Each structure stands twice: as C-alpha cells, then as structure tokens.
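Here the structure comes first, spelled out in structure tokens, and everything after it is commentary.
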Amino acid sequence: MKRWLALAWFLGLWALAAPLPQVYDRLEEALRQVRLENPTQALAALDRAQSLLRQESEGLPPVLRDATLLHLQDTRQAVLKQSRVDLEARLLLVRHLVGKALYDGFFQAPSGEKAAYLARLSQATGLDPAQVQGVQNLSPEEARRRLESSYLQLMAEDLSRALAAPSRPEAYLSLARAYARFLVIQDSPQSTLKAQDFVQALARVSGGESFRPEVQKLIERASSWRKALAPTPSSQTPAAPSPPPREAQPSSPPEAQKPASPAPTAPSPQAGLPMASPQLAPPQAPADDVQTFYTPPWMGETQARLVRQKALELGYDYNFQLLEALAQTQATVGLAITALGRGDAQAGRSHLDRASWQFHFGLEPVFAAIDPVLTEQVSRTLIHLSTATGIRASDALVVYEALEALRNSFSQGPSPNVWLQLKLWLAQTAGIPRAVFFLLASALSFFPLYLIQLTFGGRNVYWNLLGLAFLFLFLPIVAEGLSYFGSLMADYGNLPWLAWLANLSIGQGLIPYLAWGLTIFFVVALAGAGLRGIAAQFGLLRERGREVTATQDQRPSATTLTSETIVEWDEEF
C-alpha cells in the first residue's frame, strides 16, 4: 500500500512539473472541443482547461495564468450566450496568452528543447512554420527580431482587415486577433504600442462608437515598430560588403552580436527614434519621464517607485491618465447598473465583463501596489458578477462604490472599510446560491400563509384583517423568489421573456423599494386595525370594558351568560 501511495505521489509531482509544451498540448486538446454546436461538451472542456491551468501550469507565470483563467471564464459566458464572435475572440486570447509563455520559454529553454517550444508557439499563435524555420539556430537577439517581425506583419494584416471590415463583428474579431498577437511580443524594447490602445479600440467597436481613427493609429504605430527592427548592426553586415576596411571588423559573428546584446536590457521601450541610432539611447534616459507621474505625499519612496513603474508599464505617463481610466471603468459599471435596473441582465453582465477587462489589464497592477486587499476583492467581484445569474443593480452598485474607494486610496491612502468589504463579499454570493436561497424562502412562506388562513379565516372581520397583514408581510419574500425564478428561466430555461420578473426584486431600484415600503404600511395598518378590534372583543380596551360592565347587569343569570358567551365565541371566533 505504501508503495502505491509513493508511486501516486511521484506521478502527481511529475504531472505538476509537466513542461509547458505538454501543458499546451493538453490545453489545446480541450479547446478544440469548445464549439457552439454542443454547449454541454464545450462547458465540460472549459472545466478541464481551467482545472489544468490551476493544477499543472507550473511553467506558466501567475499573471498569464490568471489572465488565461479570466478569459476561459468569459469563454463560458460566450458559450451560454451562443455568441460565435465572442467565443472566437476569447479563444484567440487564451491561445495567445499561453503563446506568450511559450515565446518567453523559447528564449530560456536549452538548445535541445527550443524546437518543441517553437512548434507549439507556431501552432498556438498561427505563425507560418516557414517563417520560423531555423529560428532556433539564431542568436537570441536575431531570433527575437525575426519573430517580432513575423508577428508585426500578421498584426498589420489583421488591423487592415479591421479597418476595411463591412460589419462591427468582423472588425471586432480582426482587432481582437491583432491584440492577441501584440500580447505575445508586448515586452519588446522597440514596442510603440500599448495594451490600453487595443482595449480602447475594442471598447469603441463593441460600444457602437467610431473606431476607424483608433485603428489607423494602431496601424501607424505598428508600422513604425516594424521599421525600428530593420536597422540593426547584424542585419546591415551582410547587406553592405562594399567597404572592405569596415567589413573586417563586423564580419565575425561574435562581434556582430555585441552591439545587439544591450537592446533587450534597455529599460526604455519609449525611446524616441531607436531606428536612427539605437546605441545613442542612454539607459537612464527614462528616469526623467518617470517623474511625470506624480504620486501623493502619503506614499513612501519605495511604494511610490513601485507605483510609477507599474503605471509606466501600463502606459500611464501622468497620474490623471490613471484616474481617467478608473473613471472610464466606473462609467462602464454605471452602464451595467442602468441595464440591470431595467431588467436587462444580459446587457448588465456584458458591461460588467467589459469593466472587468478594463480593470484587470488597465488598473489592477497599479492599485495592487496601493491597496492590495481592496483591489483583489474588486477583481474577484467583477469576475464573479460578469458570469453570475440573477445579479441585481445593487450588486453592481457595490462595485461602483469600491472603485470610488480605490480612487480615494490613491489620493489619501488606503483605509480599512469593514462595511465595504462585507458588501463586496455578499456581492460574490450572487448567482445560483442566492437564487436557491430566495426560491426556498419564497416556497416556505406559503406554509405559514396556509396556517394563517386556517387560524384567522373565520367570519370575524378583525381576525381577517390580521390574516391580510400577514399576507402583505410575506408578499416581498414571494416577489423576491419570483424574480429569481424569472432570472433562472431566462438564463437556463431559454425563456428570455421571463427576465422582466427581475424588476420585482427590491435590489433593482426605487420602484421595488417604494413598493416594499407600501406593503409595510399595509402590514402596520391592517395589523393595527385587526389587533385593536380583537383587543376590544376581549375587553382589554378601556372603552370596550365599560360597555361590557354596563351590559352584564342585564343578563338573566350566570349560567345563561356562560352559555351565551360560548355561543358568541363559536360564532365570532
């Protein structure tokens, strides 16, 4: 038995330590089964892919793993919505994020393993095998430039398709493909593009705004990036054999690699004109640019340096740019609140998904260095709400409040807010658990209503008033359960016309809230009237007591009084 346990333990460790190419093979096997024709099979394949990345992705950096898991979760939503364009775009991003890990692993792998990384990289990102043939035999700098040139060529073709696309879905898909290719080579020293540029262009396409000027700017920047790769010392040596005195020095391969070696380590991806004279860019030149991003005085020197570094990596040269990006995310959450308030859960989740995208790639790295606890809670809540069923406007309102708290934490410093943390935690209970809870409470409320009918359903008006008070008391619970029933049927029962029942929930806005207050008023009025009449019948009120005392002398005898009282009780109660 111990031998079997030891063998299982060894195999488990071997699986966890699986090389990245093998992880990609298993992931690709699962992704091939994600099709809209068979949603059940697609969801099961996505579950396997998520489990694989959580348990066996040792070769995948945590940032890439979390981003891949986020897009796999969005892929589930695309399958449920039966959106072909959204599904294809998400799968492109998933494959290219893993391709980014393969790209980085290619330069770090031993010589014998480079071919395996290169083959998977070509398969994951759609590179032509002829373009990458022999890349593993080149120097790291030459291999990087050749791969970047291939990706930039494909990126330019995708951007041109997006610019000339006859419809927005086709433009969105072409732009998403170009963005996916950028993610693979985003760390290039010659990069003139930023992830935020693609995110804003995608937001314009999906939001129905004018996007072609943004795409044209992306084409121009990609072209300048590709031109910056051309004038390198190693590429000029075979093309200029005419001057023999200068040919003797750079002709040898070792000396040709020397001037190219500092390029990957140059800390300035924003150097002015690297193609003119790359050796003139001083390594410390960006230090002056960093100072343009001013940090509040409450930050220490170490934290301020980290915040500046993260902000510059995301393309924020000034702090107001960061705050504007935060305001854009808040505006997107506000659109989700508006959609949820009118009962359009699908549009609300779409806006929250877009806000989650903006926050994860444009804000989270910076605010994680400022308030990591609140940032993590906001990220988890956005990811959960963008895929949960039965979400309400109050849930999205909590996210809006949390984003405003992050803004205050940047200007004034993080401060503990237990109440906000509790609301964020409760917002993460949205979905099936909360729907089951309210459906169960609504179903169980009918039993006490039945008992109330049996108990107070006589001919006495006051008892009937008390029964009506209990009915209005349980009415909001019944309405809440009915609203979640409509949400579940709209999402899982293919009955979208039942989504309007979500407007019965008290968490939807002002009208359900005032309706709930009106039912409470009815409860108070009916219960007060009923209980007062019952108290008067029992002789517990002073006026009623005098009447009973005055009429007792007119009764013929105690026996008759008792008999008549019993008859009155049976009739009235």
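The values are calculated or read from the model by the stated rules, or taken from the named source; none is laboratory data. Because the structure is predicted, anything quoted here is derived from the model rather than measured. So basically every Cβ, Gly included, is an ideal-geometry build from the backbone, and we count neighbours across all protein chains shown. Keep in mind that these areas ignore ligands, DNA and RNA; they rest on the heavy atoms of the full protein, side chains included. Shrake-Rupley method; radii C 1.70, N 1.55, O 1.52, S 1.80 Å.
What number of residues within the range 480-531 are charged (D, E, K, R) and either open to solvent by 60 Å² or more (accessible area, probe 1.4 Å) or within 25 Å of the chain's Cα centre (by Cα) (or both)?
Final tally of qualifying residues: 1.
Tell me the residue from 65, 35, 84 that is of a type in the set (Lys, Arg), surrounded by fewer than 22 Cβ atoms within 10 Å (Cβ to Cβ) and more than 20 Å from the chain's Cα centre (by Cα), please.
After ruling out the rest, the residue left standing is 35.
Between 152, 118, which is part of a helix (DSSP H, G or I), open to solvent by less than 50 Å² (accessible area, probe 1.4 Å), in contact (Cβ under 8 Å) with a residue 12 or more places away in the chain and touching a Lys or Arg at 6+ places or on another chain (Cβ under 6 Å)?
Only one candidate qualifies: 152.
Looking at (1) within 22 Å of residue 386 (Cβ to Cβ); (2) among the small types (Gly, Ala, Ser); (3) without any contact (Cβ under 8 Å) to a residue 60 or more places away in the chain, can you tell me which one residue 89 breaks?
All conditions are met except number (3).
Please indicate, with yes or no, whether at least one residue in the range 134-147 is in a loop (DSSP other than H, G, I, E, B), at positive phi, touching a residue at least 12 places away in the same chain (Cβ under 8 Å) and open to solvent by 20 Å² or more (accessible area, probe 1.4 Å).
no
Being closer than 30 Å to residue 352 by Cα and either β-branched (Val, Ile, Thr) or open to solvent by 50 Å² or more (accessible area, probe 1.4 Å) (or both) is the requirement here; does residue 100 meet it?
no
Here is a list: 548, 523. Which entry is modelled with pLDDT of 85 or more and β-branched (Val, Ile, Thr)?
The unique qualifying residue is 523.
What are the residue pairs meeting all of these: first residue in the range 34-45, first residue more than 13 Å from residue 91 (Cα to Cα), second residue basic (Lys, Arg) and open to solvent by 80 Å² or more (accessible area, probe 1.4 Å), Cβ atoms under 9 Å, and 6 or more apart or on different chains?
If the second residue must be basic (Lys, Arg) and open to solvent by 80 Å² or more (accessible area, probe 1.4 Å), the pairs left are 41/35.
With the requirement that a residue be among the charged types (D, E, K, R) and either closer than 22 Å to residue 400 by Cα or surrounded by 19 or more Cβ atoms within 10 Å (Cβ to Cβ) (or both), what does the range 311-328 give you?
Within the range 311-328, 324 is the sole residue that qualifies.
What tally of residues in the range 444-495 results from selecting those that are in a helix (DSSP H, G or I), under 30 Å from residue 345 (Cα atoms) and either free of Cβ contacts under 8 Å to residues at least 60 places away in the same chain or of a type in the set (Ser, Thr, Tyr) (or both)?
Total meeting the criteria: 22.
Can you spot a residue in the range 207-221 that is among the small types (Gly, Ala, Ser) and surrounded by 16 or more Cβ atoms within 10 Å (Cβ to Cβ)?
no
Assess whether residue 433 counts as being assigned to a loop (DSSP other than H, G, I, E, B) and free of Cβ contacts under 8 Å to residues at least 12 places away in the same chain.
no
Restricting attention to the range 362-406, which residues are open to solvent by less than 40 Å² (accessible area, probe 1.4 Å), in a helix (DSSP H, G or I), touching a residue at least 40 places away in the same chain (Cβ under 8 Å) and not β-branched (Val, Ile, Thr)?
Answer for the range 362-406, where residues must be open to solvent by less than 40 Å² (accessible area, probe 1.4 Å), in a helix (DSSP H, G or I), touching a residue at least 40 places away in the same chain (Cβ under 8 Å) and not β-branched (Val, Ile, Thr): 362, 367, 374, 377, 385, 393, 395, 396, 403, 406.
Can you tell me which residue in the range 437-472 is nearest to residue 536 (Cα to Cα), limited to those that are open to solvent by 80 Å² or more (accessible area, probe 1.4 Å) and of a type in the set (A, V, I, L, M)?
461
Mind telling me which of the residues 409, 350 ends up being among the hydroxyl-bearing types (Ser, Thr, Tyr) and surrounded by fewer than 20 Cβ atoms within 10 Å (Cβ to Cβ)?
One residue alone meets the criteria, 409.
Only one of these is buried (at least 19 other Cβ atoms within 10 Å of the Cβ) and either assigned to a helix (DSSP H, G or I) or free of Cβ contacts under 8 Å to residues at least 24 places away in the same chain (or both): 336, 331. Name it.
Just one listed residue meets the conditions, 336.
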